[in-house]
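The values are calculated or read from the model by the stated rules, or taken from the named source; none is laboratory data. Please read these numbers as outputs of a predicted model, since none were measured by experiment. Cβ coordinates were reconstructed from backbone atoms using ideal geometry, including for glycine residues, and neighbour counts include every protein chain displayed. Side chains included, ligands, DNA and RNA excluded: accessible areas come from the protein's heavy atoms. Shrake-Rupley method; radii C 1.70, N 1.55, O 1.52, S 1.80 Å.
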Amino acid sequence: MRSPDRPLAQVGDIWLHGKRTSLEPADGLLVLLVTCGDGKPLWITESEGVPD
């Protein structure tokens with residue numbers, strides 16, 4: 001899946017448009033911690049679902 005204007009992330013079985021991320025631990029109501037391909041953590045602090 002590709003998007004011409006926004007970054008995409010697959011978290012489990014869900015695709016998200018990433019709106020805001022952090023390389024440092026972040027707080028919030030719905031913060032997702034993912035591990036990147038280089039093994040480093042990335043916190044997704046704001047996102048929206050990708051329509052089917």
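Observations on the model:
- Any hit, the stretch 41-49, residues being in a loop (DSSP other than H, G, I, E, B) and on the phi < 0 side of the Ramachandran plot: no
- Subset tally (residues that are closer than 18 Å to residue 10 by Cβ and either small (Gly, Ala, Ser) or surrounded by 10 or more Cβ atoms within 10 Å (Cβ to Cβ) (or both)) for the stretch 20-52: 19
- Exclusive hit being in a loop (DSSP other than H, G, I, E, B) and modelled with pLDDT of 90 or more, set 52, 27, 5, 38: 38
- Close pairs (8 angstrom Cβ cut-off, 6 or more residues apart or separate chains): on the phi < 0 side of the Ramachandran plot in the stretch 3-24, charged (D, E, K, R) and surrounded by fewer than 12 Cβ atoms within 10 Å (Cβ to Cβ) anywhere: 8/2; 16/48; 17/48; 19/48; 23/40
- Residues of the stretch 8-19 that turn out to be in a strand (DSSP E or B) and open to solvent by 100 Å² or more (accessible area, probe 1.4 Å), as a count: 3
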